[in-house]
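The values are calculated or read from the model by the stated rules, or taken from the named source; none is laboratory data. Bear in mind that the values here come from a model prediction, so they are computed numbers and not experimental data. When we count neighbours, we look across all protein chains shown, and the Cβ atoms used for this are built from the backbone with ideal geometry, even at glycine. Heavy atoms of the whole protein, side chains included, go into the accessibility calculation; ligands, DNA and RNA do not. Shrake-Rupley method; radii C 1.70, N 1.55, O 1.52, S 1.80 Å.
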Amino acid sequence: MTENAELNSHGTGEWGSRLLVVRPRGELDWESAQEFAEQVGAVVERCPDLVIADLSEVTFADSSSLHTLFDAHRRLSAAGGRLVVAGPLSSGVRRLFEVSATTDYFHFAPNAEVAAAAGGPAKSPTSESR
């Protein structure tokens, strides 16, 4: 579940845009899907330039969390923003992106600090240090 999830708001990143970070923890499954969707939706509603979904403390994620990330990506892109998924990702979370063939759809960074500092993503979750 998204127990102890955090929402961090940062004014301006080094590259000059508004940045918001959401940090869920534990399992993101059908039981916690609504809460995770609400958290991400609240972040997207604030129209930041960059949203970092820091999944480094997520041990499991299913298709409901993937759907939430798809929706956030779509909404942010339409508004001129960007979603970056940050790790390091657990093997189960990394596998979700690989099995769903979404590694080329989402932007990934090895961690939230790199995503924030660079303002941009790495290529795929498989390019992260393991």
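Observations, loosely collected:
- Residue that is surrounded by the fewest Cβ atoms within 10 Å (Cβ to Cβ), among those in region 94-106 that are out of contact with any helix residue (DSSP H, G or I) (no Cβ under 8 Å at 6 or more places or on another chain) and not in a loop (DSSP other than H, G, I, E, B): 99
- Output for region 22-52, where each listed residue is touching a Gly at 6+ places or on another chain (Cβ under 8 Å) and of a type in the set (Asp, Glu): 49
- Residue that is farthest from the chain's Cα centre (by Cα), among those in region 74-93 that are part of a helix (DSSP H, G or I) and farther than 19 Å from residue 111 by Cβ: 78
- Looking across region 107-116, the residues that are open to solvent by 10 Å² or more (accessible area, probe 1.4 Å), in contact (Cβ under 8 Å) with a residue 12 or more places away in the chain and under 11 Å from residue 52 (Cα atoms) come down to 107, 111, 114, 116.
- For residue 76, the requirement of being farther than 19 Å from residue 29 by Cα and in contact with a strand residue (DSSP E or B) (Cβ under 6 Å, 6 or more places away or on another chain) is met.
- Pairs are defined by a Cβ separation below 8 Å, a sequence spacing of at least 6 or placement on different chains, a first member in region 44-69 that is within 14 Å of residue 100 (Cβ to Cβ), and a second member that is among the aromatic types (Phe, Trp, Tyr) and not in a strand (DSSP E or B); the pairs so defined are 62/30; 64/30; 64/36; 65/36; 66/97; 68/36; 69/106.
- Residue check, residue 60 within 12 Å of the chain's Cα centre (by Cα) and either farther than 16 Å from residue 43 by Cα or surrounded by 13 or more Cβ atoms within 10 Å (Cβ to Cβ) (or both): no
- Considering only residues in region 73-86 that are in contact with a Leu (Cβ under 7 Å, 6 or more places away or on another chain) and surrounded by fewer than 22 Cβ atoms within 10 Å (Cβ to Cβ), the one that is farthest from residue 45 (Cα to Cα) turns out to be 82.
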